[in-house]
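Everything on this sheet refers to the single structure shown next.
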Amino acid sequence: MFENIIAQPCTDQLRSDVLSGRLAPSMLFFGPPASGKGSAAIELARALSCEAAAAPWNCACPSCARHRSLMHADLAMIGPRGFAAEIAASRAAFLRDTSSAAARSLFIRSLRKLLARFSPSVWEYEPKSNKSNPLTLLQSLEEELDEFESQTAEPLVEIHAVEKRSENLAKNACKLEDEWISDAIPIGQIRKAAWWSRLSPAGKRKTLIIENADRMKDEARNSLLKLLEEPPESISIILTAQRRETVLPTILSRLRPYRFVARSAGEEREIIRRIFRDGEAAEYAAAASGLVEAYLNSFLPQSSEKLLPLAAFFIAAVARSAAVFAKSRGAANISPALNALGGYCAPIAETAGFERTSEVKETVAALLSRSGSFEGRSFPRFLALALDLVSWSLEQHGPAVIACREIWKKRIGEAQAACGVWNQRPELALEALFVRLREDMVS
């Protein structure tokens with residue numbers, strides 16, 4: 001077991017806990033993005049249901065076959081994640097070698113991870129006036145995926161037809177994610193999952209995986225806490241998060257933590273080469289951590305590389321607007337924080353072709369134009385990059401500007417909640433964020 005998880009020492013402890021019978025009923029897998037937390041959770045679910053004692057990855061038992069295809073009745077998955085990037089990267093890997101069963105399985109699993117969120121065990125359709133009914137799209141995706149599996153199982157397959165069908169699958173999957181995957185985990189899904197958890201398993205054991213569990217609404221956290229306080233004996237519950245401290249302490253106290261580490265550049269290149277079959281990308285990737293995440297993001301319509309200058313432009317515009325506002329109030333000097341933000345971010349924005357501005361409407365219009373209105377669910381990544389840029393801008397200026405970073409962290413968190421929880425449009429969230437930050441920076 002865990003043969004498919006590369007360079008994560010915590011899997012040794014997980015394997016030992018499973019084989020010795022000491023595995024906790026509820027766990028937290030925490031660590032950097034793209035560090036294998038979700039894959040390890042899926043692999044653990046397979047191992048717990050395996051009919052063989054050692055649960056090898058290539059086990060031929062019917063339970064393992066269903067788990068490998070993510071179609072086991074004893075597996076439930078909820079929580080947001082970057083589906084579009086993984087689907088696109090997996091499709092590219094498959095098209096590089098359509099004869100490879102492993103590459104074919106990789107693409108199919110990437111789609112199944114999304115479709116699992118719409119399983120009746122954890123999701124039900126709630127009509128909303130501003131969204132189309134997803135049930136037709138779901139049924140179409142399932143049918144087309146079944147046809148794709150049958151088509152690509154043939155030894156001789158027509159490449160053009162496979163390319164076309166895989167393209168359509170990826171396109172419809174992205175549409176489903178854009179319209180129906182929330183950035184926050186709603187209480188309805190936790191309640192459905194809790195109800196499912198108490199049903200008898202079809203096989204040896206059930207597993208509930210909650211990815212990015214730190215993105216729950218308050219009422220969802222309370223509902224989950226009730227499940228964790230008295231979990232059914234036949235279920236294992238796995239939460240994932242980037243940072244341990246972002247999980248509510250009352251929930252964290254009921255979880256056994258497993259830490260996933262940031263892998264070296266060489267290890268991440270090996271993952272790109274072995275899993276996504278892209279030796280060329282693995283060779284030219286920069287020598288830094290986070291290569292797998294950067295590689296996946298490169299398949300998005302708005303990659304992090306494209307979003308970084310947009311975030312720099314926004315920060316520079318806020319800093320410039322705050323400076324203008326402060327001078328209009330009679331300030332004799334501009335604060336070191338504003339100088340640091342503008343001095344670091346303005347050159348990045350200008351190199352990318354942005355013109356200087358201090359007006360909120362002009363700033364937002366330019367951002368929407370250059371980002372395609374933040375297509376492909378790129379707005380949360382834009383906000384995260386903005387916070388990173390603020391940190392980099394201020395890191396050389398010591399304690400005097402710590403309060404500035406905390407202000408940006410607070411306001412960006414509010415913008416993330418406005419879009420992810422309350423479904424506010426990015427342009428409205430940006431306008432509010434700009435105005436609040438300008439006022440905070442002046443005061």
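The values are calculated or read from the model by the stated rules, or taken from the named source; none is laboratory data. Since we're looking at a predicted model, the values are computed, not measured. Quick reminder, even Gly has a Cβ in these numbers, built from the backbone with ideal geometry, and neighbours come from all protein chains shown. The accessibility values were calculated without ligands, DNA or RNA, using every heavy atom of the protein model including side chains. Shrake-Rupley method; radii C 1.70, N 1.55, O 1.52, S 1.80 Å.
Among the residues of the range 335-344 satisfying the criterion of being open to solvent by 70 Å² or more (accessible area, probe 1.4 Å) and modelled with pLDDT under 90, which is farthest from E406 (Cα to Cα)? Working first, answer last.
Filtering the range 335-344 for residues open to solvent by 70 Å² or more (accessible area, probe 1.4 Å) gives 336, 339, 344.
Add one more test, that the residue is modelled with pLDDT under 90, and what stays is 336, 339.
On the way: P336: 15, N339: 17 Å.
My answer is N339.
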Task: Matching residues, the range 158-182, being part of a loop (DSSP other than H, G, I, E, B), closer than 13 Å to R117 by Cβ and open to solvent by 30 Å² or more (accessible area, probe 1.4 Å) - done: S182
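Against the definition (under 30 Å from G82 (Cβ atoms) and at pLDDT below 85), how does A331 come out, yes or no?
Working: under 30 Å from G82 (Cβ atoms): no; at pLDDT below 85: yes.
So A331 does not fit the description; no.
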TODO: Could you please tell me which pairs satisfy a Cβ distance under 7 Å, a separation of 6+ or placement on different chains, a first residue in the range 357-380 that is in contact (Cβ under 8 Å) with a residue 24 or more places away in the chain and over 18 Å from V318 (Cα atoms), and a second residue that is part of a loop (DSSP other than H, G, I, E, B) and open to solvent by 30 Å² or more (accessible area, probe 1.4 Å)?
DONE: G372/P301; E375/P301; G376/P301; P380/D183
TODO: Would you check which residues across the range 216-258 are surrounded by fewer than 21 Cβ atoms within 10 Å (Cβ to Cβ), in contact with a Ser or Thr (Cβ under 8 Å, 6 or more places away or on another chain) and aliphatic (A, V, I, L, M) and list them?
DONE: L225, L228
Open item on the list: If I filter the range 93-113 for residues that are of a type in the set (S, T, Y) and without any contact (Cβ under 8 Å) to a residue 12 or more places away in the chain, do I get at least one hit?
Closed with: yes
Open item on the list: Checking the conditions here, which among L433, L387, L428 is hydrophobic (A, V, I, L, M, F, W, C), surrounded by 21 or more Cβ atoms within 10 Å (Cβ to Cβ) and at pLDDT 85 or above?
Closed with: L433
TODO: Test each condition in (1) under 16 Å from A317 (Cβ atoms); (2) in a helix (DSSP H, G or I); (3) acidic (D, E); (4) free of Cβ contacts under 8 Å to residues at least 60 places away in the same chain for E414 and report the one that comes out false.
DONE: (1)
Task: Conditions (1) over 17 Å from L428 (Cα atoms); (2) open to solvent by 30 Å² or more (accessible area, probe 1.4 Å); number of the one not met by L368 - done: (1)
Task: Failed condition for F148, given (1) among the aromatic types (F, W, Y); (2) at pLDDT 90 or above; (3) open to solvent by 10 Å² or more (accessible area, probe 1.4 Å) - done: (3)
Open item on the list: If I ask for residues that are open to solvent by 70 Å² or more (accessible area, probe 1.4 Å) and either touching a strand residue (DSSP E or B) at 6+ places or on another chain (Cβ under 6 Å) or without any contact (Cβ under 8 Å) to a residue 12 or more places away in the chain (or both), which ones from the range 311-334 would you list?
Closed with: K327, S328, A332, N333
TODO: Filter the range 71-127 down to the residues that are open to solvent by 30 Å² or more (accessible area, probe 1.4 Å) and of a type in the set (D, E), then identify the one that is farthest from the chain's Cα centre (by Cα).
DONE: D97
